[in-house]
1. Under 8 Å by Cβ, and 6 or more places apart or on different chains, what pairs join a residue from the range 112-127 that is at positive phi with one that is surrounded by fewer than 18 Cβ atoms within 10 Å (Cβ to Cβ) and not in a helix (DSSP H, G or I)?
2. Name the single residue, out of those in the range 206-251 being within 14 Å of L193 (Cβ to Cβ) and under 18 Å from the mean Cα position of the chain (by Cα), that is surrounded by the most Cβ atoms within 10 Å (Cβ to Cβ).
3. Would you please list the contacts, defined by Cβ atoms under 9 Å and residues six or more apart or on different chains, that run from a residue in the range 48-77 that is on the phi > 0 side of the Ramachandran plot to a residue that is outside any helix (DSSP H, G or I) and aliphatic (A, V, I, L, M)?
4. Return the total of residues in the range 59-80 being surrounded by 14 or more Cβ atoms within 10 Å (Cβ to Cβ) and not charged (D, E, K, R).
5. If you scan the range 112-146, which residues turn out to be among the polar types (S, T, N, Q) and part of a loop (DSSP other than H, G, I, E, B)?
6. From E199, E211, E176, which residue is acidic (D, E), under 22 Å from R74 (Cβ atoms) and in contact (Cβ under 8 Å) with a residue 12 or more places away in the chain?
7. Would you check which residues across the range 81-111 are part of a helix (DSSP H, G or I), surrounded by 24 or more Cβ atoms within 10 Å (Cβ to Cβ) and either charged (D, E, K, R) or without any contact (Cβ under 8 Å) to a residue 60 or more places away in the chain (or both) and list them?
8. Tell me, please, whether a residue that is part of a helix (DSSP H, G or I), among the basic types (K, R) and at pLDDT 95 or above can be found in the range 50-66.
Amino acid sequence: MRFQPSNGCTVSAGVEHALDEALRAAPVTLTNARGVFDLPIAETVLAYMLMIAKQMPVFMAYQREHRWKKQALRELAGLTVGIVGLGSIGAEIARLCRALGMHVLATRRRPEEGAPNVEQLFPPEQLEDLLAQVDFAVLAVPLTSETRGMIGEAQLRALHPDAWLINIARGAIVDEPALIRALQNQQLGGAALDVFSHEPLPASSPLWDMENVIITPHNSWSTPHLEEREAELFLDNLERYLRGEPLRHVVDKNLGY
């Protein structure tokens with residue numbers, strides 16, 4: 001989907017798959033589909049948190065066993081979510097979480113600018129300070145050279161033993177072997193994962209059989225309104241291009257998003 005050799009667009013929020021050295025150096029304006037996926041992904045994050053707080057995986061296992069047993073449940077209201085990366089998806093997650101009465105913390109490259117629905121902003125270098133305070137850590141950063149492997153042993157140790165890690169960003173942001181070890185050692189409450197280092201997730205991965213892991217197949221973006229929203233964004237940018245106006249959602253090729 002290209003306007004001309006000097007202008008291009010991609011129908012995904014992340015651009016790491018397209019942004020090679022040749023494209024970085026070329027005089028090409030690149031746009032992405034920022035905003036198209038915000039609501040479905042944010043709702044998926046909310047679904048994960050509700051499943052965890054209301055022990056739904058446990059109850060579904062009991063159902064398969066024809067077992068009647070009650071569990072202690074939690075409310076999301078009053079719990080703390082930490083959003084790692086407050087872009088458009090992160091901002092929508094923050095909005096939904098605040099609507100349910102959750103405390104919202106987030107990391108942002110420029111925290112001094114503030115953000116609606118967020119009680120406290122941290123610069124990226126204070127990530128572990130954020131992680132130490134949350135019940136749910138949600139990864140919503142783009143995959144760049146800076147964020148690749150940003151969640152490793154030290155960051156997982158910063159989470160308290162009942163905290164859950166939620167990844168709807170890119171699998172390579174997490175050191176997957178370190179996460180598996182942390183889960184096996186009950187170092188954290190669990191993980192809800194929509195993305196993985198290798199996709200499809202290999203059948204041999206220990207993650208499949210862990211009771212404290214929720215797996216979805218890189219599907220959090222799905223919505224019946226996807227094509228409509230993509231077409232609306234594309235046509236709007238095409239009209240802007242023809243009128244010589246600035247395009248929406250231009251990617252900073254140096255930053256990678």
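1. Every condition considered, no pair remains.
2. The selected residue is S220.
3. What qualifies is Q55/A72; Q55/L73.
4. Pass one, the range 59-80, residues surrounded by 14 or more Cβ atoms within 10 Å (Cβ to Cβ): 59, 62, 74, 76, 79-80.
Narrowing the set further to residues that are not charged (D, E, K, R) leaves 59, 62, 76, 79-80.
Residues in the range 59-80 being surrounded by 14 or more Cβ atoms within 10 Å (Cβ to Cβ) and not charged (D, E, K, R): 5 in total.
5. If the condition is that a residue be among the polar types (S, T, N, Q) and part of a loop (DSSP other than H, G, I, E, B), then N117, Q133, T144, S145 are the ones that fit.
6. Details: E199 fails: under 22 Å from R74 (Cβ atoms); E176 fails: under 22 Å from R74 (Cβ atoms).
Answer to the selection: E211.
7. The initial filter retains those residues of the range 81-111 that are part of a helix (DSSP H, G or I), namely 88-99, 111.
Pick out the ones that are also surrounded by 24 or more Cβ atoms within 10 Å (Cβ to Cβ) and you get 89-90, 93-94, 97.
Result: G90, I93, A94, C97.
8. The initial filter retains those residues of the range 50-66 that are part of a helix (DSSP H, G or I), namely 50-53, 56-64.
Adding the requirement that they be among the basic types (K, R) leaves 64.
From the residues that got through so far, the ones that are at pLDDT 95 or above too are 64.
Yes, the range 50-66 has at least one match.
The values are calculated or read from the model by the stated rules, or taken from the named source; none is laboratory data. Values in this document were obtained by computation on a predicted structure and should not be read as measured data. So basically every Cβ, Gly included, is an ideal-geometry build from the backbone, and we count neighbours across all protein chains shown.
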